[in-house]
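Written below as structure tokens is the structure these notes are about.
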Amino acid sequence: MSIATFYLIEPNSAVDSELGFQQYVCYLIRHFTRQGARIYLNTQDKPHAQLWDDVLFQLDNADFIAHNLSGEGPVNGTQVEIGSGTTGLHRTRNIVINLAEDDTNFAGIVSQVVDFVPCDEKAKHVARERYKIYRHAGYQMQTVSIAELNKQN
């Protein structure tokens with residue numbers, strides 16, 4: 001069964017800052033890759049992909065995550081590929097972590113989608129539209145509050 005998980009970002013939380021969000025996404029990437037997942041990190045555009053490439057390269061050695069930009073390096077060469085849109089998505093990827101703030105839709109392409117509901121009202125509305133698309137495509141829907149998760153850990 002296909003699953004779409006939307007993580008809710010609470011206002012004024014640790015994840016409601018650029019650095020906090022980057023750290024949380026890196027945490028999720030490490031979590032999934034340790035389970036053997038092959039991830040497609042979907043970004044807004046090429047400059048956004050490059051920014052995330054830099055974020056992953058700047059991690060400490062112990063936390064380093066092998067990755068490549070779409071079209072660079074061997075096809076399927078690392079567990080994490082960074083690109084934008086569905087055009088660069090290879091079928092060998094089983095999880096998409098969506099960082100784009102548009103109506104990008106991976107329904108039917110991968111078995112698991114990770115997405116975020118930001119605090120900004122406009123971005124929140126677009127996230128709700130993506131939610132509807134995945135639900136309509138038959139994905140099992142999950143909504144997780146990052147703040148509640150952090151309280152449990």
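Bear in mind that the values in this text are calculations on the coordinates, not laboratory data. Because the structure is a prediction, the values reported are computed rather than measured. Cβ placement follows ideal geometry from the backbone for every residue including glycine, while neighbour counts extend to all protein chains displayed.
Descriptive notes on the structure:
- For chymotrypsin sites (Phe, Trp or Tyr not before Pro), the sites in the stretch 59-147 that DSSP calls loop and that have at most 13 other Cβ atoms within 10 Å are PHE64.
- Value at 222 nm in deg cm²/dmol, rounded to 500, when DSSP H runs of n ≥ 4 in the chain each add -39,500 (n - 2.57): -11000 deg cm²/dmol
- Relative to one another, the C-alpha centroids of the stretch 26-70 and the stretch 126-144 are positioned 23 Å apart.
- Cβ-based exposure ranking for GLU10, GLU72, GLU121, in which fewest neighbours within 10 Å come first: GLU121, GLU72, GLU10
- Inter-label distance, nm, simple model (7 Å from Cα along the C-beta direction), PHE57/SER111: 3.3 nm
- Expected-Rg normalisation [2.2 N^0.38 Å, Cα atoms] applied to the stretch 3-152: 0.98
- Per-residue Cβ neighbour rank within 10 angstrom, fewest leading, LEU8, LEU41: LEU8, LEU41
- Computing FRET efficiency as 1/(1 + (r/R0)^6) for LYS46 and ASP102, where r is the C-beta to C-beta distance and R0 is 22 Å, gives about 0.95.
- Each Lys or Arg adds one and each Asp or Glu subtracts one; over the other residues with Cβ under 12 Å from the Cβ of PRO11, this totals -3.
- When each of ILE82, ILE146 is scored by the number of other beta-carbon atoms lying within 10 Å, the sequence from fewest to most is ILE146, ILE82.
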